[in-house]
Amino acid sequence: MAKRLWKSGHVEKLLGMGNGSGKTLDSARNRGLLDIPFIRIGKRIRFDPDAVRKWLAEHTITPAVSERDSIDGRARQSRRLRA
């Protein structure tokens with residue numbers, strides 16, 4: 001059985017952008033803002049689920065310090081500087 005390819009709207013929802021119509025993702029891709037791999041079939045654009053997952057893993061940033069610790073640390077430091 002052939003692997004099912006994803007439409008732009010599905011990938012858009014997965015990325016949490018736009019309203020799921022696919023237009024926001026297509027626009028960002030066309031303007032070069034996203035280098036997400038895609039497959040062109042005639043005029044249609046489709047996405048290989050494995051390639052999208054790999055791209056997401058490669059573009060996921062895990063901060064060494066959590067955002068909360070960073071904010072708390074800055075607040076404490078600024079209080080110390082004022083004293």
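The values are calculated or read from the model by the stated rules, or taken from the named source; none is laboratory data. Quick caveat: nothing in here was measured; it's all calculated off a predicted structure. Positions of Cβ are backbone-derived with ideal geometry, glycine not excepted, and every protein chain shown enters the neighbour counts.
Data for the structure
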quantity: Residue list for segment 6-19, restricted to those being touching an Asp or Glu at 6+ places or on another chain (Cβ under 6 Å) and part of a loop (DSSP other than H, G, I, E, B); calculated: G18
quantity: First in segment 18-46 and in contact (Cβ under 8 Å) with a residue 24 or more places away in the chain, second anywhere and of a type outside the set (A, V, I, L, M, F, W, C), Cβ under 7 Å, 6 or more apart; calculated: I36/R29; I39/R46; I39/D48; I45/S8; I45/D26; R46/K7
quantity: Scope segment 7-24; condition surrounded by 15 or more Cβ atoms within 10 Å (Cβ to Cβ), over 19 Å from G42 (Cα atoms) and either among the acidic types (D, E) or more than 13 Å from the chain's Cα centre (by Cα) (or both); matching residues; calculated: E12, G20
quantity: Leading residue by the ranking (nearest to H10 (Cα to Cα)) among those in segment 35-83 that are assigned to a loop (DSSP other than H, G, I, E, B) and modelled with pLDDT under 85; calculated: T62
